[in-house]
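Structure, as structure tokens:
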Amino acid sequence: MPDARRKRPEWWPVARFEFLRVVRRGDFLVSLVLMPVLSVGLSFGAGWIANRSANEPVKLAFSSAAPGIDVRLPALDTLATVKWSVVSGANAEPEALKTAIEAKTYDGAVLVPAGFAAGDSVRVLAKRSRPGWVRKVREPLTELARLERARAAGVDAAGLTAIDEGIRIAETLTRPEAKTSKGDMITAMALVFLLLITIYATAAYLAVGITGEKQARVTEVIVSAIKPQAWMDGKLVAFVLIGMLMATVWGGSALLFAVFSSWQLPPAVSPASIAAYLLFLVAGFAFYVSMFATILATIKDMQSTSRVQAYFYFIPVIPFIFIETILDKPESTLAVILSWIPFFAPMLMPARIALKAAPAWEWIGALLVLIAATHFMRLLAGTAIRVGMLMYGKEVNLPELLRWAKD
Amino acid sequence: MNAAASPSILAVHGITKAFKDRVAVDALSFEVQRGEIFGFLGPNGAGKTTSLRMILGITHPDSGTVTFDGSPTVDRRRIGYLPEERGLFEDQKVIDTLGYLGQLRGMSPREARAAGMQWLERLGLADRAKSKLNELSKGMQQKIQFAGAVLHAPTLAVLDEPFSGLDPLNQELFLSVVRDLRDQGTTVLFSAHQLNLVERLCDRFLLIARGREVITGSLDAMRSAITGGASETLVLELSARDDGPSPDAAAARAAFHRAGIAGAVKVESAGVGRLRVEAGLPPLHDVGPALAALGGMYAITRVETAPIGLHEIYLRAVRSAMGDSALEEDAARA
């Protein structure tokens with residue numbers, strides 16, 4: 001007998017095989033690399049499109065009967081995506097402008113009446129209703145009307161600025177140690193977002209690894225060699241590693257992109273906070289993977305997994321319904337209770353940590369509860385495969401699962 | 001562990017398993033001796049696979065015990081299992097799959113791959129080591145599955161329907177491979193419906209029906225028990241001579257009785273004007289008087305004697321235990 005038989009845990013070969021099986025897949029490698037490439041590409045693409053549209057501005061005819069209203073005014077002149085052409089006389093007549101628009105001389109026309117500040121309508125000529133440029137033009141004209149009304153009321157520009165000045169807030173904390181930083185919240189939410197996309201990206205591989213393998217009838221060979229729980233443990237370890245590999249590559253790419261681009265990096269975050277966020281990321285991912293594995297272990301074939309895939313996308317966003325409650329009152333009873341529940345903790349507790357509303361004992365406690373729940377879910381997943389594996393063509397229902405788990 | 005003390009590698013005592021509406025295995029007991037090839041037989045739905053799963057610890061009996069090599073705990077890593085319901089990782093290379101299956105049985109990755117390659121060579125598939133499983137024929141996949149079940153040189157190999165999907169040439173190869181396996185020290189527990197092959201391979205048998213033992217022992221012992229001593233079969237074919245009468249069933253039976261062949265005589269038509277007569281004989285029985293009696297009346301166109309085979313023993317034992325109607329019901333349900 002080889003010595004190795006007594007050294008390695010039973011789940012180890014399953015974890016190794018499953019991990020290598022997934023990471024060697026072409027589609028996995030593509031998605032691993034494609035996500036950052038697409039993100040960077042979209043980011044640059046959006047910039048390129050914005051730049052391109054600035055180079056191809058909307059051509060608008062402009063005529064004003066209001067004294068002092070001119071396209072040379074900064075509010076209108078600084079519209080980067082509009083190229084103004086001042087028209088007057090016969091050229092400013094609506095019929096002439098219609099002809100010019102149809103002839104593509106202009107994309108549209110703006111006619112400002114003398115009493116526009118008093119409520120007379122600014123006339124807009126366009127080929128079809130509600131063109132996008134009307135929204136862009138409306139804002140500076142509203143600002144000009146506001147200035148005009150102020151002047152009519154005897155308020156000069158400086159006076160108007162003084163009126164518009166917002167109030168200043170001076171914060172005095174009863175707990176100086178609870179001062180939050182923008183960096184904390186950005187980091188926490190970025191990692192929660194990373195958790196979410198990693199869960200989504202892993203769901204399909206998890207279905208193939210569990211239901212697909214069950215359907216291929218490989219499990220009976222495997223559980224004749226190792227315990228069903230060891231098989232499930234190996235799968236869970238593999239998928240947690242796969243998820244964390246994705247999170248590392250994607251999170252790392254985002255960070256690198258931020259460093260080497262013009263993004264403003266958030267202020268420094270304490271290593272303790274980062275450690276807490278990462279622990280919730282890993283434990284939360286393990287919890288959701290174990291929960292999905294339990295569901296998938298009860299399903300008879302891959303076709304039937306389409307029934308539950310929608311839930312896999314829906315379930316992890318449920319905690320976000322409560323995010324506003326957390327942000328408004330992070331120390332409220334509801335916020336505290338929710339952030340201790342394993343289902344919500346991976347998303348809500350990092351927000352409370354970032355808001356300095358969860359002392360160390362509390363988030364460590366919630367983390368331990370999350371780990372305990374993951375352990376329970378892992379055992380349930382093992383039971384589901386033990387019961388379901390021999391039921392070819394039949395699915396395990398919840399009462400059966402709970403009865404077997406109890407046994 | 002008392003491997004040296006006990007000749008039995010596997011001892012099953014009174015295992016019972018009931019599912020919702022029926023008892024699948026009912027107080028079944030048997031022992032498999034070290035180094036033998038043991039045939040575990042029964043009709044579809046008899047409880048064979050459920051019994052094998054209990055032996056392997058995949059499911060647990062409601063009552064009864066399974067002792068493996070003297071221990072009440074089955075060491076799964078010393079057992080090789082080829083289940084009836086089987087599949088493989090179709091998107092994986094053959095050698096990777098074998099390496100994985102070997103590792104599951106406790107081998108190191110290197111050992112598992114080396115053993116996998118040896119088995120591929122033995123089975124004539126060495127050149128397909130790097131092929132993906134979905135590129136192979138069903139028979140080739142069957143061989144890979146077999147290799148995966150035994151590449152770790154198990155103490156006990158449990159093979160459930162290993163011949164299914166194999167052509168006659170590969171069936172012969174499997175017979176030889178299973179014998180080699182036994183010669184190298186692996187005890188084999190074997191379940192199959194190809195009784196002609198099982199008969200050639202197994203040292204002892206257990207036949208079950210409806211979860212209970214019907215008969216057990218060596219082929220000779222079962223033959224003797226089931227036939228009441230008439231362990232040979234005499235088969236004659238009779239036809240009319242040019243000027244003589246057509247063969248008559250009653251006359252044929254009477255001639256057999258006069259010749260001292262007292263057991264059941266089966267007579268059936270073998271075509272127009274021809275009869276096939278079959279009778280059980282004790283060993284070394286003189287068939288001369290019967291041939292002389294019948295030869296005086298009819299032309300004897302075929303004479304054949306053979307030991308009663310496993311197929312016949314199986315049918316007689318199961319029919320006697322269950323009755324024809326119950327057999328048909330079970331076959332329909334399975």
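Extension gain for A:Glu102-A:Val155 works out to 14.8 nm (0.36 nm per residue, less the C-alpha to C-alpha distance). When the Debye formula is applied to the Cα atoms of chain A, each taken as the same point scatterer, what base-10 log of I(q)/I(0) results at q = 0.14 Å⁻¹? Taken in order of the listed q values, log10 I(q)/I(0) reads -1.18. By the helix-only formula, in which each DSSP H run with n ≥ 4 contributes -39500 (n - 2.57) and the sum is divided by residues, chain B has a 222 nm mean residue ellipticity of -11000 deg cm²/dmol.
In whole percents, the pair-distance distribution calculated for segment A:213-339 from its alpha-carbon pairs, binned every 5 Å from zero, is 2, 8, 11, 15, 17, 15, 12, 8, 6, 4, 1, 0. Using only alpha-carbon positions in segment A:179-406, the gyration tensor eigenvalues give semi-axes of 35, 19, 14 Å once each is multiplied by 5 and square-rooted (largest first). Here's how it looks for B:Phe205: its modeled amide H is under 5 Å from those of B:Gly39, B:Gly217, B:Ser218, which are all 5 or more places away or on a different chain. Mean residue ellipticity at 222 nm, helices only, chain A: -20000 deg cm²/dmol; runs of at least 4 DSSP H residues each add -39,500 (n - 2.57), and the sum is divided by the number of residues.
Per-residue surface analysis assigns B:Lys17 an accessible area of about 20 Å², computed on protein heavy atoms at 1.4 Å probe radius. For segment A:29-121, the Cβ-based charge dipole about the Cα centre amounts to some 300 debye (Lys, Arg positive; Asp, Glu negative; other atoms uncharged). With the charge dipole of the protein assembly as shown set up from +1 on Lys and Arg Cβ and -1 on Asp and Glu Cβ about the Cα centre, the Cα lying farthest toward the positive end among the listed residues A:Leu327, A:Tyr313, B:Gln142 is that of A:Leu327.
Treating r as the C-beta distance of A:Ala75 and B:Gln184 and R0 as 60 Å, the FRET efficiency rounds to 0.05. The slack in the chain from A:Glu95 to A:Glu362, taken as 0.36 nm per residue of separation less the alpha-carbon distance, amounts to 88.9 nm.
Under the convention that each Lys and Arg Cβ holds +1 and each Asp and Glu Cβ holds -1, the size of the dipole of the protein assembly as shown around its Cα centre is about 1320 debye. The 3J(HN,Hα) values that the Karplus relation (6.51, -1.76, 1.60; θ = phi - 60°) gives for segment B:48-59 are, in residue order, 5, 5, 4, 4, 4, 5, 5, 4, 7, x, 6, 10 Hz. Gly and Pro appear as x. Kirkwood radius, segment B:110-166, all distinct C-alpha pairs, inverse of mean reciprocal distance: 11.9 Å.
Here r is the Cβ-Cβ distance between A:Asp301 and B:Glu278 and R0 is 41 Å; the resulting FRET efficiency, rounded to 0.05, is 0.25. Across B:Arg77, B:Arg316, A:Arg175, the residue with the most accessible area heads the list, and the full order at a 1.4 Å probe is A:Arg175, B:Arg316, B:Arg77. Annotation: per residue accessible area for the protein assembly as shown equals 48 Å², rounded to a whole number [probe 1.4 Å, protein chains only]. The share of Cα pairs per 10 Å bin across chain B, counted from zero up to the longest distance, runs 5, 22, 26, 21, 14, 9, 4, 0 percent. Other protein chain C-beta atoms within 10 Å of residue C-beta, averaged over B:85-96: 4. The mean number of Cβ atoms from other chains found within 10 Å of a Cβ in peptide B:107-114 is 3, as a whole number.
A probe of 1.4 angstrom, applied to the heavy atoms of all protein chains, finds B:Asp91 with accessible area near 60 square angstrom.
For A:Arg25, the accessible surface of its heavy atoms amounts to roughly 70 Å² (probe 1.4 Å, protein chains only, rounded to the nearest 10). Checking the cross-link filter: which lysines have an alpha carbon closer than 28 Å to that of A:Lys356, excluding same-chain neighbours under 8 positions apart? Straight-line reach from A:Lys356, under 28 Å: A:Lys179, A:Lys182, A:Lys329.
On the principal axes of its alpha carbon atoms, the protein assembly as shown extends 144, 67, 48 Å, with the longest extent given first.
Applying the Karplus relation 6.51 cos²θ - 1.76 cosθ + 1.60 with θ = phi - 60° to segment B:70-82 yields 3J(HN,Hα) values of x, 10, x, 9, 7, 7, 4, 6, 9, 10, x, 9, 10 Hz, where x marks Gly and Pro.
When each full DSSP H helix of chain A is screened for a Cα extent of at least 30 Å along its own axis and an average Kyte-Doolittle hydropathy of at least -1.0, the helices passing are A:26-55, A:132-152, A:182-207, A:228-260, A:271-297, A:360-388. Suppose every K and R has +1 on its Cβ and every D and E has -1 on its Cβ; what is the size of the dipole of chain B about the Cα centre, in Debye to the nearest 20? Using only the charged Cβ atoms, the result is roughly 720 debye. Rounded to the nearest whole Hz, the Karplus-based 3J(HN,Hα) values (6.51 cos²θ - 1.76 cosθ + 1.60, θ = phi - 60°) of segment B:130-144 follow the sequence 9, 6, 7, 5, 6, 8, 9, 6, 4, x, 5, 4, 4, 5, 4, with x at glycine and proline. Relative to its residue count, segment A:57-164 spans a Cα convex hull of 104 Å³ per residue.
What does the net charge come to around B:Ser8 if you take all other residues with beta carbon closer than 14 Å to its beta carbon, with K and R at +1 and D and E at -1?
With Lys, Arg at +1 and Asp, Glu at -1, the neighbours total -2.
Mind jotting down the distance between the C-alpha centroids of segment B:187-245 and segment A:156-225, whole Å? Answer, in whole Å: 71.
Per-residue accessible area (protein heavy atoms, 1.4 Å probe) orders B:Asp62, B:Asp26 as B:Asp62, B:Asp26, starting from the largest.
Mind checking the mean number of beta-carbon atoms from other chains within 10 Å of the Cβ atoms in B:151-162?
Per residue, the average neighbour count from other chains is 1.
For the pair B:Glu135 and B:Asp286 in one chain, pulling the backbone fully straight at 0.36 nm per residue adds 48.5 nm over the alpha carbon distance. Close Lys pairs in chain B, defined as Cα atoms under 17 Å apart and 8 or more places apart or on different chains, number 8. In segment A:6-48, the C-alpha radius of gyration followed by the widest Cα-Cα span (Dmax) gives 17.5, 60 angstrom.
For a modelled paramagnetic label at A:Lys136, 7 Å from Cα along Cα-to-Cβ, the residues of segment A:86-126 in reach, with backbone nitrogen under 14 Å, are A:107-110. Taking A:Ile323, A:Ile299 and ordering them by how much accessible surface each has at a 1.4 Å probe, largest first, produces A:Ile323, A:Ile299.
Charge tally for B:Leu275 (other residues, Cβ to Cβ under 14 Å; Lys, Arg +1; Asp, Glu -1): +2.
The values are calculated or read from the model by the stated rules, or taken from the named source; none is laboratory data. Just so you know, these numbers come straight off a predicted model, no measurement behind them. With ideal geometry, Cβ positions are generated from the backbone for all residues, glycine too; neighbour counts draw on all protein chains shown. Just the protein is used for accessible areas: all its heavy atoms, side chains included, with ligands, DNA and RNA removed. Shrake-Rupley method; radii C 1.70, N 1.55, O 1.52, S 1.80 Å.
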